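As structure tokens, the structure follows; a few thoughts come after it.
Values quoted throughout were computed directly from the atomic coordinates according to the rules given, and no laboratory measurement underlies them. It should be emphasised that the depicted structure is a prediction, and the values quoted were computed from it without experimental measurement.
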Amino acid sequence: MKYGLILAACAALAQSPEAELALGKALKQEILREARPISAPVASAYLQKLTSTISSGYSVDIADVDGRDPIGLPGKIIVVPLKCFRYCKDAACVASKLAHTIGHLELRHGVNGRVFLGGPYGIHEDLTRVRPVPHAVRREQEQFEREADEFAAKVLASLPGLDEAAFQAARAEAQQL
Ligand SMILES: [Zn+2]
């Protein structure tokens, strides 16, 4: 998958909430352009509800895109890969991944710097495939990942009980797509 726009946007990442939202929408469009269109109302509703229990103001969509980790974009926009539901076998797994991604966004990882998800050196990029990786970039990313994990752990500890039946219904739908 190409994330040219994401890389291009890094340097000029938006300052105002409106500009961030516009950027996030454009990035999402670019990501979805290469994705097979799917319809997953049950999984979408499940994700939206779960996301709203973690933090407010986020929009979340499910899409047939690369990877299994949710993609966090400026403007509180999240795209969850279909494979996330194939990989995760219980509600806690999806909740943990969502909370981690929201952690990156809430903590403004990459918003002010060169590191953003997507292309080389991006958050969740498998750095073992990218060479050479500047040491400072790797260190910064590792710190971001630690912080997002800590954020997720705190959120998960404070969540009410997860709806396992709703998760399984969403998973069943996603697995048929
Ligand atoms: Zn991460």
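Yes/no per residue for (1) among the charged types (D, E, K, R); (2) closer than 22 Å to Leu162 by Cα:
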{"site": "Gly24", "(1), (2)": "no, no"}
{"site": "Pro41", "(1), (2)": "no, yes"}
{"site": "Thr53", "(1), (2)": "no, yes"}
{"site": "Ser56", "(1), (2)": "no, yes"}
{"site": "Asp61", "(1), (2)": "yes, yes"}
{"site": "Gly67", "(1), (2)": "no, no"}
{"site": "Pro70", "(1), (2)": "no, yes"}
{"site": "Ala92", "(1), (2)": "no, yes"}
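Kindly evaluate Ser55 against the criterion of being hydroxyl-bearing (Ser, Thr, Tyr) and within 14 Å of the chain's Cα centre (by Cα). Give the derivation first.
Values: hydroxyl-bearing (Ser, Thr, Tyr): yes; within 14 Å of the chain's Cα centre (by Cα): yes.
So Ser55 fits the description; yes.
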